[in-house]
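So the structure is just underneath, and the comments pick up after that.
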Amino acid sequence: MKRLFLGTGDLQQVVLRSVFFGSPLVVVAPVESPRQTYLQIEGPEYHLAFLYPHLVMLVKQSPYDFSGAHGTWIGVEGAEHTGKLSLFYRHGDSFEDRVQLLEHHFRCDIAFYRNIRLADVSFIDVICGGRRWLYNEVVSLPEELEENGSIEFPRLRLA
């Protein structure tokens, strides 16, 4: 039986916070997952709506890894029914692969292929069985990223 992943409410999660410059969105992955995994992106509806077309284009623009050595973005689901975006990826099934996916692959690809501006510093947490194994681990911009993106999230307009 397949267990339903609850995102930031799950007892087993890897979460990346402060991912994007000027956005409170968080990106969450399950600790245990098959080779086809997914990331859930949670936060304000207007930021999810802004990010969604960029994720669709990320899936279309990024190269397919036929060798399976680096991984491939394979799909995205909108937030209409869940209030969260889901981004699907095919690669390794280890815990280290999940952390690497959040810390490195996702951030490099969204900045490189979609020109989205990342926060200079992000934070990663690992929660297993409801217990924090890693908390507020500082994650700098990926070294391989030649240039941060320039597209910023819209600011919330107060009436």
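Each value in this text was obtained by applying a stated rule to the coordinates, not by laboratory testing. All values reported here derive from a predicted model rather than from experimental measurement. We place every Cβ from the backbone using ideal geometry, glycine too, and count neighbours over all the protein chains shown.
Can you put Glu147, Glu32 in order, fewest other beta carbons within 10 Å first? Present the calculation step by step, with values, prior to reporting the outcome.
Details: Glu147 9, Glu32 13.
Taking fewest neighbouring Cβ atoms as first place, the list is Glu147, Glu32.
May I ask which residue of Tyr113, Leu58, Tyr46 lies farthest towards the positive end of the charge dipole of region 24-159, with charges of +1 (Lys, Arg) and -1 (Asp, Glu) on Cβ and the Cα centre as origin?
Tyr46
Starting with the fewest neighbours, write out Trp133, Trp73 ranked by other beta-carbon atoms found within 10 Å of each beta-carbon.
On the way: Trp133 11, Trp73 25.
Ordered by Cβ neighbours within 10 Å, fewest first: Trp133, Trp73.
In region 86-159, what trypsin sites (Lys or Arg not before Pro) fall in a loop by DSSP, with at most 16 other Cβ atoms inside 10 Å?
Qualifying residues, ordered by number: Arg155, Arg157.
Taking every Cα atom in region 41-159, find the radius of gyration and the maximum pairwise distance Dmax, and write them in Å.
Rg, Dmax (Cα atoms, Å): 15.1, 51.
In a Debye calculation with equal point scatterers on the alpha-carbon sites of region 102-159 and no solvent, what is log10 I(q)/I(0) at q = 0.15, 0.17, 0.22 Å⁻¹?
Log-scaled intensity ratios, in q order: -0.56, -0.66, -0.86.
For n ≥ 4 DSSP H runs only, could you compute -39500 (n - 2.57) per run for the chain, divide by its residues and tell me the 222 nm figure to the nearest 500?
-6000 deg cm²/dmol
Go through region 138-144 residue by residue and turn each phi into a ³J(HN,Hα) via Karplus (6.51, -1.76, 1.60, θ = phi - 60°); whole Hz please, and just put x for glycine and proline.
Couplings: 6, 10, 7, 4, x, 4, 5 Hz.
Fewest to most neighbouring Cβ within 10 Å: what's the order for Leu118, Leu6?
If I rank by nearby Cβ atoms, fewest first, I get Leu6, Leu118.
Using a 10 angstrom cutoff on alpha carbons, build the Gaussian network for the chain and name the most mobile of Ala29, Ala49, Ala111.
Per the Cα network of the chain with a 10 Å cutoff, Ala49 tops the list.
Could you tell me which of Phe88, His104, Leu11 has its Cα farthest along the dipole of the chain towards the positive end, charges placed at Cβ (Lys, Arg +1; Asp, Glu -1), taken about the Cα centre?
Leu11
Name the shape class, rounded, prolate or oblate, that the alpha-carbon gyration tensor gives for region 57-106, where a ≥ b ≥ c are the square roots of its eigenvalues, rounded holds for a/c under 1.5, and otherwise prolate holds if a/b is larger than b/c and oblate otherwise.
Oblate is the answer for region 57-106, as a/c is 1.5 or above yet b/c matches or exceeds a/b.
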